[in-house]
Amino acid sequence: MIDKVSVEAEEAVWPSAELSVILPTFNEAENIPIVIGLLDEALHGIAWEAIVVDDNSPDGTADVARDIASRDPRVRVIRRFGRRGLSGACIEGMLASSAPYVAVMDADLQHDETLLPRMLQELRHTDTDLVVASRKVEGGDIGSGLSSFRAWGSNVANRLAQKLLNVSLSDPMSGFFMIRREKAEALAPKLSAQGFKILLDMVSSAKGRLKIRELPFTFRERQHGESKLDTLVTLDYFGLLLAKYAGDVISVRFLMFGLVGASGLFVHLIALRLFLVVGSFEFNLAQTAASFVAMTSNFFLNNQLTYRDRRLRGFKAIQGLLTFYAVCSVGVLANVGVASLIYTEPSYWWFAGASGAIMGAVWNYAASSALTWRKG
Ligand code: GDD
Ligand code: MN
């Protein structure tokens, strides 16, 4: 009897949230109090909570958010160390929710929070699984929030996604959506934590099994702080497109690694030419030196792109470079070994050469992910 009363009393005081709004942040200290104030206004009458997922922003966003959370139980903070990435932050935030519905929204005031109640209505009263706030559908507006170059790039990216993946979203790059938590939960293990393309990743991973509705909105201009989306993120997006197009047989990371490796060939040839002509090195010395230049360039590109979420810095980067040299040297042996095994006849030169190169790349990838860019 007493138990029942206390349970009822608890329910009355702490109704659990129906909607979790995930706010990924990196350097949004000035914006976060404003966003939470706006959510409070827009979500009046709805049992909501905000989950701020901060990647240890140097401007102290997590402290600001925690300060609000200490006065407002609807606000929670997840602070992550040693990791960067919008998609990963959103996934972690969604998995921290127990509410039936979760929304992901930028914390920089560019997304129109007044759309949230309409998105929620849609999920509550129809069989829609995912509501996307789209900057492109009729009535929506790209607004002045994107530069014309970015608007153009974003168009190209959208059209590619539509063509390659058969994703019929008008704004697959949108970072503003609401989804049934159970659906997000089921998709989470398949998603890539890198980059900005969580929505596209979710929709293409669901392979047509999500019922989607798009609602228009106007993308606002940023007031405080700056955008973190850079050209590397765009490359990462194309990596995802290719990997999904290949039916997920090849991981995005391996694809990036392969692209970087291919760029290394060019670097190698340019360096070789320079050492021979400008440096007047002997061929063997020039070839060795060029290999080091190419390995070094591959290391830094992989550190920037392929492993941007595990990026090595300072002393660790030097250590990483040395292990990468070691890994690649063994890779050359694997490459030559396999090639010479296959090379039984001169007309097989290309098959032997390609097999060796693939063997070398697979070895380099596997070994460097275990040794150079170790997890955790
Ligand atoms: N936790 C975390 N970690 N949050 C991040 C990170 C990160 O590495 N990078 C960015 N964020 C947060 C920002 O603090 C902001 O709240 C939100 O994610 C969006 O980041 P912006 O840097 O403002 O992105 P944008 O405005 O350039 O890009 C917008 O448009 C893109 C499409 O053109 C976003 O809506 C993207 O989601 C969208 O893909
Ligand atoms: Mn923004």
For V21, other-chain or 5+-apart residues with amide H closer than 5 Å (H placed, Pro excluded) are E49, A50, I51, A103
Note down the relative contact order for the chain as a percent, whole number, built from C-alpha pairs under 8 angstrom at least six residues apart.
-> 14 percent
Pairwise FRET efficiency - Y348 versus K190, Cβ, R0 = 35 Å, nearest 0.05 | 0.35
Return the FRET efficiency for the residue pair R71, S148: r is the Cβ-Cβ distance, R0 is 41 Å, and the value is rounded to the nearest 0.05.
-> 0.45
Hey, with R₀ at 45 Å, roughly what FRET efficiency would A47 and A357 work out to, going by the Cβ-Cβ distance, to 0.05?
-> 0.20
Approximate spin-label separation S16-L322, in nm, with each point projected 7 Å along Cα-to-Cβ | 5.2 nm
Mind checking the full-extension length gain between Q162 and E221? Use 0.36 nm per residue of separation minus the Cα-Cα distance, one decimal, nm.
-> 18.6 nm
Compute, for H125, the solvent-accessible surface of its heavy atoms (probe 1.4 Å) with the complete set of protein chains present, and express it in square angstrom to the nearest 10.
-> 130 Å²
Alpha-carbon centroid distance for the pair segment 64-117 / segment 289-328, whole angstrom | 34 Å
Tell me the label-point distance for the pair R118, I270, using the 7 Å Cα-to-Cβ offset, in nm and rounded to one decimal.
-> 4.9 nm
With all protein chains present, calculate the accessible area of L19 using a 1.4 Å probe and round the result to the nearest 10 Å².
-> 0 Å²
Principal-axis tilt of helix 148-165 within the chain, Cα atoms, nearest 10 degrees | 80 degrees
Could you list, in their original order, any pairs among K197/K375; K183/K375; K244/K316; K190/K316 whose Cα atoms are separated by more than 25 Å?
-> K183/K375; K244/K316; K190/K316
Heavy-atom accessible area of F176 with all protein chains present, probe 1.4 Å, nearest 10 Å²?
-> 0 Å²
Here, A262 and Y245, labelled 7 Å along Cα→Cβ, have an inter-label distance in nm of 1.1 nm
Per residue of segment 59-72, in order, report the coupling 6.51 cos²θ - 1.76 cosθ + 1.60 (Karplus, θ = phi - 60°) as ³J(HN,Hα) in whole Hz, putting x for Gly and Pro.
-> 7, x, 3, 4, 5, 4, 5, 5, 4, 5, 4, 5, 10, 9
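The values are calculated or read from the model by the stated rules, or taken from the named source; none is laboratory data. The shown structure was predicted, so the numbers you read here are calculated from the model rather than taken from an experiment. A quick note on method: Cβ atoms are made from the backbone with ideal geometry, for glycine too, and the neighbour counts reach across all protein chains shown. SASA here: full protein model, heavy atoms, side chains in, ligands and nucleic acids out. Shrake-Rupley method; radii C 1.70, N 1.55, O 1.52, S 1.80 Å.
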